[in-house]
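Heads up: the structure comes next, in structure tokens.
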Amino acid sequence: MSESKLAAPQMVIDSRMLYSSWVPADPDAAAALLPKGIRPAANKAIYMNQYVVDRPEQTSGFGDYSLTYLGLDLADHTTPDGSAPARFFTHYFNSSELVRRYVAERGVPASPGTTTLELHGRELVATTTVDGVPIIRTTARVGNKIATVARGHLTYVTKVGDRLVAGNYPFIADMADPYELLSIEFLAKDHPVYALRPGSPLEVVKTASWHAPRSSFVYPGGERDLL
């Protein structure tokens, strides 16, 4: 795989984003996706971000793309301010070959896939598709007011060779109000991502579930080894 030729860091502005978190149906199957050296958070939480970048002008070099990524919250490691757990990427479905090359160089398990966010009245439906087959569908009820502007950093961990590497991703996001996560459906039982499916009934981690009609962030320019 050739290098992406993009300089780090890379900026994205005004993406449409649906971020969700839940307790998995099979915590052991989810934990088995982690490499040695890290372990799941005490609440076993899974996180997922489904978002769309509609125009090339919203990025410093990526162009337009759509993305779903997900994985596990981690024990013992947090964001710089300690407000949220660090998170490990287990799956990363991106529509752009350029972005996939860029993140793969940094240990992200990137593979092809597309994501759509469709708003019908106050119902927002996010669908992740791989090889023409929908594999995840998330439904939320959202409002058209902005409750607050969230800002800070998220920390994501990847495996680069034998190293575990953490990167801090600064973000600024308009948080929609009201917001209610209604359902998360894993539609393809034969896909490896099915290991992260939610339990029934759905147990939502509300502190990490939200809709941002405008979310801006930066892919980090430098990472650090996770100790």
Subset of segment 65-81, residues over 19 Å from LEU164 (Cα atoms) and more than 17 Å from the chain's Cα centre (by Cα), comes to ASP81
Unmet criterion (only one of (1) closer than 15 Å to THR139 by Cα; (2) open to solvent by less than 20 Å² (accessible area, probe 1.4 Å)) for LEU196 | (1)
The residue that is most open to solvent (accessible area, probe 1.4 Å), considering only those in segment 75-87 that are in a loop (DSSP other than H, G, I, E, B) and touching a residue at least 24 places away in the same chain (Cβ under 8 Å), is ASP81
Mind counting the residues in segment 14-38 that are aliphatic (A, V, I, L, M) and either open to solvent by 60 Å² or more (accessible area, probe 1.4 Å) or assigned to a helix (DSSP H, G or I) (or both)?
-> 5
Hey, can you tell me all the residues within segment 101-123 that are free of Cβ contacts under 8 Å to residues at least 24 places away in the same chain and among the β-branched types (Val, Ile, Thr)?
-> none
May I ask you to list pairs of residues, at least six apart or on different chains, whose Cβ atoms are under 8 Å apart, with the first in segment 60-73 being surrounded by fewer than 23 Cβ atoms within 10 Å (Cβ to Cβ) and the second being in a loop (DSSP other than H, G, I, E, B) and acidic (Asp, Glu)?
-> ASP64/ASP54
If we scan segment 39-57, do we find a residue that is assigned to a strand (DSSP E or B), modelled with pLDDT of 95 or more, surrounded by fewer than 23 Cβ atoms within 10 Å (Cβ to Cβ) and over 12 Å from the mean Cα position of the chain (by Cα)?
-> yes
Test SER215 against the criterion of being among the polar types (S, T, N, Q) and open to solvent by 20 Å² or more (accessible area, probe 1.4 Å), and give yes or no.
-> no
Just to be sure, is PRO134 more than 24 Å from PRO24 (Cα to Cα) and out of contact with any helix residue (DSSP H, G or I) (no Cβ under 9 Å at 6 or more places or on another chain)?
-> no
Among the residues of segment 143-167, which ones are without any contact (Cβ under 8 Å) to a residue 24 or more places away in the chain and part of a strand (DSSP E or B)?
-> ARG151
Evaluation of SER4 against (1) at pLDDT 95 or above; (2) farther than 17 Å from TYR194 by Cβ; (3) open to solvent by less than 20 Å² (accessible area, probe 1.4 Å); (4) outside any strand (DSSP E or B) (one fails), failing number | (1)
Could you check, for segment 138-160, whether at least one of its residues is out of contact with any Cys (no Cβ under 9 Å at 6 or more places or on another chain), over 20 Å from SER15 (Cα atoms) and either open to solvent by 60 Å² or more (accessible area, probe 1.4 Å) or of a type in the set (Gly, Ala, Ser) (or both)?
-> yes
Out of all the residues in segment 166-189, which are closer than 30 Å to LEU226 by Cα and open to solvent by 50 Å² or more (accessible area, probe 1.4 Å)?
-> ILE172
Taking segment 168-227 and keeping residues at pLDDT 95 or above, touching a His at 6+ places or on another chain (Cβ under 8 Å) and not in a strand (DSSP E or B) leaves PRO192, VAL193, LEU196
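The values are calculated or read from the model by the stated rules, or taken from the named source; none is laboratory data. All of these numbers come straight from a predicted model, not from anything done at the bench. Backbone-built Cβ (ideal geometry, glycine too); neighbour counts: all protein chains shown. These accessible areas exclude ligands, DNA and RNA; they are computed on the full protein's heavy atoms, side chains included. Shrake-Rupley method; radii C 1.70, N 1.55, O 1.52, S 1.80 Å.
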